[in-house]
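Notes to accompany the following structure.
The values are calculated or read from the model by the stated rules, or taken from the named source; none is laboratory data. Bear in mind the structure is a predicted one, so any value in this text is a computation, not a measurement. Quick reminder, even Gly has a Cβ in these numbers, built from the backbone with ideal geometry, and neighbours come from all protein chains shown.
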Amino acid sequence: MRTSTQVLAAILGITILAQVVFGAVAYWITLDSSRDRRIEMLAHYASEILFEWSDSSTAADSPDILDELQKKYHLNKSIILLRDMKGQLHTVGIEGELAPGLLSEINDQADKAGGIVEFDGEDYLWSRVENGQDSLALVLLEPVSLVEQAIVSKLGIRLLVTAGVVIWMAVWVALLLSSIISKRLNDKNLALRHQALHDNLTGLPNRNLLYDRLNQVRLTAHRKGQCFALFIMDLDRFKEVNDTLGHQFGDQLLQEVSHRIQESIRENDSVARLGGDEFAVVLPDTDQDGAIQCAKRITRNLESKFNINDVRIEAKASIGIAMYPDHGTETEELLQHADVAMYQAKQSGSGYAVYNQALDSHSVQRLRLMGDLREAIENDQLSLHFQPIIDLDSNKIFKFEALARWQHPEQGYILPDVFIPMAEQMGLIRILTLWVVDRALNVCRQCSVAGYELNMSINLSTYCLQDTSFPGELRTILDENDVSAECVVLEITESALMNDIKRAREVLDRLHNMGLKLAIDDFGTGFSSLAYLKQLPVHELKIDKSFIIDMDKDESNTTIVHTVIDLGHNLGYRVVAEGVENEHALEHVRGMGCDYAQGYYFSRPLPEEELDLWLQESAWAALTKNKSRSAS
Amino acid sequence: MNVLKARNVGRLDQILRIGISIGLIYIGFIDRNLVGDSFSATVLGVVGVMNLMVALLRICPLYSMVGIDTCHTSHRE
């Protein structure tokens, strides 16, 4: 039942109940007072009649006089009793006698001048007036029902009219109340509905409303044979803004961004905030060119700097575009594909990208590969390759760098650049690193047994530097393999190191205290802070191979290599040149004072099983073998 | 234009009101014996006059308070 109906029913019910009670009470009060008043009236009439009779010469019971009196005093239904001089009561003007019981009852009440007497199931009002001189008495009797009839006819109509007016008013009050209540409830419902379907911060539709609108647009497009576009976009490096300038600033930026997005789209397009810095835009009846134009407009609008609390900041967005029906006909499918496109846009840095099925199948493949990687790590299906690093002073092998390799049974060789980030993403990097360390140290010990005193370089993920239990686990592996910590060099890329240097510092110090060495890998390709670098327990810098390989083609590369070697030496580090592929490069870096070199000129990374053969046959290895130890 | 906009009593509503008003005015002021009580007759007569005014102006204050509009409903649909 609706609220208005309930209010109406309640008020009408109360009103009618009140009317009935009021009517009944009014009736009884009126009846009581009317009886008393009628008895008084009867007494008044009786005294007047008696007075007229006593003055008149006409016989009191003359029908003409009685008729006249009854008409005069409206006593046509009253009974007139007359007590004669003998003291007998008898009726006047009415044929027949009244029952003796009624007469005697009135006679018995000689001390009263009037009242109510019941006789034969009916109540009578009576009033008596006496003439003291000639002992005449007149009694007027009237049935109570006469009074009741009069009251009912008069009061009934008034009550009916009043009730009508009151009920009419009650209906309006009920309508008024219900309209006020309905309006309030409606407002509240609207507010709640708005809250449930909109984002509090920006006031934009939220994910739920987006799904709803997307469904509607999809159905319309399906019916009319139109196409439409869905954008999923997020802001690049928004987390940095939040972290450095605070969440309040980030919130304000999101509000400004939402305004700019709204300014960039048409009236019938919809924007929604999906959460965080992620937005979605639905563009009904839009082809791919139109969608790209709109994406460009949004990125262009976001490019101009935002001025928030006197801080000028720029926001760059990556927009993924999915088209209906080309890239999907279902809502979920479109959202997923727009999401994939957004990551493609983010990776390419182009600002926007239309969903590309070829790249997405790669993503599906990537998911499958992630499953396979877990299996490969758990089932020991990965292998280690080792590339020698030569000491340029002695021309001996200084150490090997251990490199993880994955030969996928179906997809063949998988690059470390592909599976290492996967392992990091899946939280498998710790197990993978410990496995690599264990295998590498095992090989290191075997080399040592074979007479080669070699160090081992092992690449370390930045995730391991966040793990305070890592040094302890490394210690255990070192002990198990009976390898000295001084023989191990841990390599880490400068970008990874700089990402979260404060947290990594604790682990690095502990590793350093254990006697392990630290090398900065691919130096020159990332963003190193020399201020941090000098504080870290670094032993080696490894110059990225891109500089060494292109040294002949680009003079500036030579300058960079030379500078890095000098920088390393000046800071007290040893310097390794990666990517030495020919003798010319070797002599070049040697001439610049580089300490160590690594590259295909010496050897490609060798599988574990080929290591023995290479050590036996290679000229570099021959110089390295520790004869005395071998003999022992 | 404003008066037209403020109108909230529709044509059918107006006709019904005029009919009822004529009846009430007749009972209240012309043939008072029909009711038999002068007070009641006067009340009914006054209600009839008020209702007639609403019907002729086609503006009902109670309708606007409650939000009823029998005038524009058909046009909206």
**Prompt:** Looking at A:ALA196, is it among the hydrophobic types (A, V, I, L, M, F, W, C) and closer than 30 Å to A:GLY276 by Cβ?
**Reply:** yes
**Message:** Looking at segment B:31-77 only, could you name the residues that are at pLDDT 90 or above, more than 13 Å from chain A (Cβ to nearest Cβ) and part of a helix (DSSP H, G or I)?
**Reply:** B:VAL49, B:LEU52, B:MET53, B:ALA55, B:LEU56, B:LEU57
**Request:** Have a look at A:ALA137, A:ALA150 and point out the one that is in contact (Cβ under 8 Å) with a residue 12 or more places away in the chain, within 14 Å of chain B (Cβ to nearest Cβ) and out of contact with any helix residue (DSSP H, G or I) (no Cβ under 7 Å at 6 or more places or on another chain).
**Result:** A:ALA150
**Prompt:** Does segment A:458-468 contain at least one residue that is free of Cβ contacts under 8 Å to residues at least 60 places away in the same chain, of a type in the set (Gly, Ala, Ser) and touching a helix residue (DSSP H, G or I) at 6+ places or on another chain (Cβ under 9 Å)?
**Reply:** yes
**Prompt:** Failed condition for A:ASP417, given (1) in contact (Cβ under 8 Å) with a residue 40 or more places away in the chain; (2) under 22 Å from A:GLN598 (Cβ atoms); (3) among the charged types (D, E, K, R); (4) not in a strand (DSSP E or B), with all others met?
**Reply:** (1)
**Request:** Return yes when A:SER264 is free of Cβ contacts under 8 Å to residues at least 24 places away in the same chain and in contact with a helix residue (DSSP H, G or I) (Cβ under 9 Å, 6 or more places away or on another chain) and no when it is not.
**Result:** no
**Asked** Given the conditions (1) in contact with a Ser or Thr (Cβ under 8 Å, 6 or more places away or on another chain); (2) closer than 16 Å to A:PHE238 by Cβ; (3) not basic (Lys, Arg), and given that A:VAL282 satisfies all but one, which numbered condition is not satisfied?
**Response** (2)
**Request:** State yes or no: is A:LEU230 touching a helix residue (DSSP H, G or I) at 6+ places or on another chain (Cβ under 9 Å) and either among the small types (Gly, Ala, Ser) or modelled with pLDDT under 90 (or both)?
**Result:** no
**Message:** Against the definition (within 12 Å of another protein chain (Cβ to nearest Cβ), out of contact with any Asp or Glu (no Cβ under 6 Å at 6 or more places or on another chain), closer than 30 Å to A:ARG2 by Cβ and not hydrophobic (A, V, I, L, M, F, W, C)), how does A:GLY156 come out, yes or no?
**Reply:** no
**Request:** Look at A:VAL152 and say whether it is assigned to a helix (DSSP H, G or I) and modelled with pLDDT of 80 or more.
**Result:** no
**Request:** Search segment A:294-311 for residues being exposed (fewer than 13 other Cβ atoms within 10 Å of the Cβ) and not acidic (Asp, Glu), and hand back the single one that is farthest from A:LEU253 (Cα to Cα).
**Result:** A:ARG300
**Request:** Assess whether A:LEU382 counts as being at negative phi and without any contact (Cβ under 8 Å) to a residue 24 or more places away in the chain.
**Result:** no
**Complete:** Selection from segment A:297-312 of residues touching a residue at least 24 places away in the same chain (Cβ under 8 Å) and touching a strand residue (DSSP E or B) at 6+ places or on another chain (Cβ under 7 Å) yields A:ILE298, A:THR299, A:LEU302, A:PHE306
**Asked** Do we find that A:THR299 is out of contact with any Leu (no Cβ under 8 Å at 6 or more places or on another chain) and hydroxyl-bearing (Ser, Thr, Tyr) in this structure?
**Response** yes
**Prompt:** Just to be sure, is A:SER78 at pLDDT below 70 and over 30 Å from A:LEU176 (Cβ atoms)?
**Reply:** yes
**Asked** Does segment A:420-437 hold any residues that are surrounded by fewer than 18 Cβ atoms within 10 Å (Cβ to Cβ), in contact (Cβ under 8 Å) with a residue 12 or more places away in the chain and out of contact with any helix residue (DSSP H, G or I) (no Cβ under 8 Å at 6 or more places or on another chain), and which are they?
**Response** none
**Request:** Quick one: B:ARG17 ticks every box in (1) closer than 30 Å to A:ALA150 by Cα; (2) part of a helix (DSSP H, G or I); (3) touching a helix residue (DSSP H, G or I) at 6+ places or on another chain (Cβ under 7 Å) except a single one, so which number is it?
**Result:** (1)
**Request:** Identify the residue in segment A:249-282 that is assigned to a helix (DSSP H, G or I) and charged (D, E, K, R) and, among all such residues, is surrounded by the fewest Cβ atoms within 10 Å (Cβ to Cβ).
**Result:** A:GLU263
**Prompt:** In segment A:283-391, which helices (runs of 4 or more DSSP H) lie fully inside it and hold 1 or more residues that are farther than 30 Å from A:ILE431 by Cβ, at pLDDT 90 or above and not polar (S, T, N, Q)?
**Reply:** A:288-303, A:331-348
**Message:** Quick check on segment A:165-185. Is at least one of its residues away from every other protein chain (no Cβ under 14 Å), in a helix (DSSP H, G or I), surrounded by 15 or more Cβ atoms within 10 Å (Cβ to Cβ) and modelled with pLDDT of 85 or more?
**Reply:** no
**Request:** Could you tell me which numbered condition A:ASN189 fails, if it satisfies all but one of (1) surrounded by fewer than 12 Cβ atoms within 10 Å (Cβ to Cβ); (2) closer than 30 Å to A:ASP326 by Cβ?
**Result:** (2)
